[in-house]
Amino acid sequence: MMKKIFCIMAALMMIVFQMYHVEALTMAKNAQSAILIDSDSGQILYSKNETKKLYPASTTKIMTLILMFEAVNEGSLKWDDVLSCSAYAASMGGSQVYLEENEKMTAFELFKCIAIASANDATVVIAEAIGGSHDHFVEMMNEKAKELKLTNTHFVNCTGLHDSEHYTCALDLAMMGKYLIEIGGKKLFSVTSLYDSYIREDSDKKFWLVNTNKLLKQYDGVDGLKTGYTKEAGYCLVTTCLKEDLRLIGVLMDESDPKTRNSEMTEMLNFGFSNYHKKTLFKKDDVIDSQIIKDMIDQEIKIISKEDIHYLEYKGDQEEIETKISYHDLTLPIDENTSVGEFVIIRNDVEIGRYALYSQKTIKKMSFIQKILRVYRDMI
């Protein structure tokens, strides 16, 4: 009897897995490339040609926004800084808010123009303010791409206007989106979640910004991130969506039309939220490990994560995972704000999550007197 029950359960599990694979394999049929990831861990839930080099159109502006938020976070740019539009910025074609040469606008208003209306003129104003020139800003974009280990990305401009040497891939766009969310936080979503807004409100040139990401109104929880279109790139979309404690990022590249693009993104999001849930291994600030270091007073360093460590588990399937910790150089002194290692989650020989680890507190190297006192303490 028990054997019969076991066989039935095994058969049911096979049916579930077959349904899962069929559902996944039939997604994003019209897109040239697609990916769906967990925003926190970077775990890939679905992918199709995710490393194929394609033209990104205005999804390029995700990297522009990354450098903008880094500048703000570092203090070299402030939201209320008033920036002036150059002749070059005013000459930009494509999507624009029709900035005139020498027109002035705050960095925050320019951010709204970029994130909501995908304005190329506003994008170049920000680029020139941060990089000193558009060309130097593009160099910064490519350096940041290398830093983020985006191996299939190369930028020629900050806008996404077509160039045969300007390309990225769905995986790299997802990783850009993940990083932008990390550094942008609530300020980012306060703008990317807006369906519409205004600039120049107190003038006779009041301008209505309308978001081309229609999923903001069509799919509950969507609060960003960036659309894109050129004839060569097709219709592209990077979407982020939050439901309860789970945030997903979806990318579609080279779709034939906006309606199909939105339909296939809805399909991917439905798949992710319906089939996965968070499995938390450690909470933020939990002690995960300890290491003995001889040149410190108490000789033990406690290791923590500054965020919850989790992975996404397929609902109804308790899959086995492996975890490992790899440490960097643990030479003293150790700053509590500098990563000392990484916690890695592996399933079926595939890495599905990687988290930075930190010392619970800043550790200084012992002085000569402290070493003598410890030797004396150990002797008595």
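The values are calculated or read from the model by the stated rules, or taken from the named source; none is laboratory data. Predicted, not measured: the structure shown is a model, and the values here were computed from it. Counting neighbours? That spans all protein chains shown, and the Cβs are built from the backbone with ideal geometry, glycine included. These accessible areas exclude ligands, DNA and RNA; they are computed on the full protein's heavy atoms, side chains included. Shrake-Rupley method; radii C 1.70, N 1.55, O 1.52, S 1.80 Å.
Identify all residues within segment 54-72 that are assigned to a helix (DSSP H, G or I) and over 14 Å from Ala129 (Cβ atoms); write none if there are none. Give the derivation first.
Filtering segment 54-72 for residues assigned to a helix (DSSP H, G or I) gives 57-72.
Across segment 54-72, the qualifying residues are Ala57, Ser58, Thr59, Thr60, Lys61, Ile62, Met63, Ile66.
Of all strands (runs of 3 or more DSSP E) completely enclosed by segment 145-264, which ones contain at least 2 residues that are within 22 Å of the chain's Cα centre (by Cα) and not aromatic (Phe, Trp, Tyr)?
Numbers: elements: 196-199, 207-210, 222-230, 234-243, 246-255.
Of the strands (runs of 3 or more DSSP E) lying wholly inside segment 145-264, those with at least 2 residues that are within 22 Å of the chain's Cα centre (by Cα) and not aromatic (Phe, Trp, Tyr) span 222-230, 234-243, 246-255.
Could you tell me whether Val156 is in contact with a Cys (Cβ under 9 Å, 6 or more places away or on another chain) and either in contact (Cβ under 8 Å) with a residue 60 or more places away in the chain or open to solvent by less than 60 Å² (accessible area, probe 1.4 Å) (or both)? Quick ask: steps written out before the conclusion?
Values: in contact with a Cys (Cβ under 9 Å, 6 or more places away or on another chain): no; either in contact (Cβ under 8 Å) with a residue 60 or more places away in the chain or open to solvent by less than 60 Å² (accessible area, probe 1.4 Å) (or both): yes.
No; evaluated as a whole, the condition is false for this residue.
Of the residues that sit in segment 329-353 and are within 16 Å of Lys306 (Cα to Cα) and within 20 Å of the chain's Cα centre (by Cα), which one is modelled with the lowest pLDDT?
Once the filter is applied, the top-ranked residue is Gly353.
Between a first residue in segment 299-315 that is closer than 20 Å to Lys365 by Cα and a second residue that is open to solvent by less than 10 Å² (accessible area, probe 1.4 Å) and in a loop (DSSP other than H, G, I, E, B), which pairs have beta carbons less than 9 Å apart while being 6 or more apart in sequence or on different chains?
Ile301/Val340; Ile303/Val340
So in segment 301-324, with the set limited to residues that are open to solvent by less than 80 Å² (accessible area, probe 1.4 Å) and at pLDDT below 80, which one is farthest from Glu351 (Cα to Cα)?
Gly316
Could you tell me which residue of segment 109-143 is nearest to Lys187 (Cα to Cα), considering only residues that are assigned to a helix (DSSP H, G or I), within 23 Å of the chain's Cα centre (by Cα) and small (Gly, Ala, Ser)?
Per the criteria, the residue is Ala115.
Restricting attention to segment 139-176, report how many residues are of a type in the set (Asp, Glu) and out of contact with any helix residue (DSSP H, G or I) (no Cβ under 8 Å at 6 or more places or on another chain). Quick ask: steps written out before the conclusion?
Step one: list which residues in segment 139-176 are of a type in the set (Asp, Glu), which gives 139, 143, 147, 163, 165, 172.
Adding the requirement that they be out of contact with any helix residue (DSSP H, G or I) (no Cβ under 8 Å at 6 or more places or on another chain) leaves 143, 147, 163, 165.
Within segment 139-176, residues that are of a type in the set (Asp, Glu) and out of contact with any helix residue (DSSP H, G or I) (no Cβ under 8 Å at 6 or more places or on another chain) number 4.
Checking the conditions here, which among Val344, Val251 is open to solvent by less than 50 Å² (accessible area, probe 1.4 Å), in contact with a Ser or Thr (Cβ under 8 Å, 6 or more places away or on another chain) and free of Cβ contacts under 8 Å to residues at least 24 places away in the same chain? So that I can check it myself, show each step before the final result.
Numbers: Val251 fails: free of Cβ contacts under 8 Å to residues at least 24 places away in the same chain.
Testing whether each residue is open to solvent by less than 50 Å² (accessible area, probe 1.4 Å), in contact with a Ser or Thr (Cβ under 8 Å, 6 or more places away or on another chain) and free of Cβ contacts under 8 Å to residues at least 24 places away in the same chain leaves just Val344.
Output the number of residues of segment 349-360 satisfying the condition of being touching a residue at least 12 places away in the same chain (Cβ under 8 Å) and open to solvent by 20 Å² or more (accessible area, probe 1.4 Å). Quick ask: steps written out before the conclusion?
In the first step, residues of segment 349-360 are kept if they are touching a residue at least 12 places away in the same chain (Cβ under 8 Å); the result is 352-360.
Now drop any that are not open to solvent by 20 Å² or more (accessible area, probe 1.4 Å), which leaves 354, 356, 358, 360.
Selection size over segment 349-360: 4.
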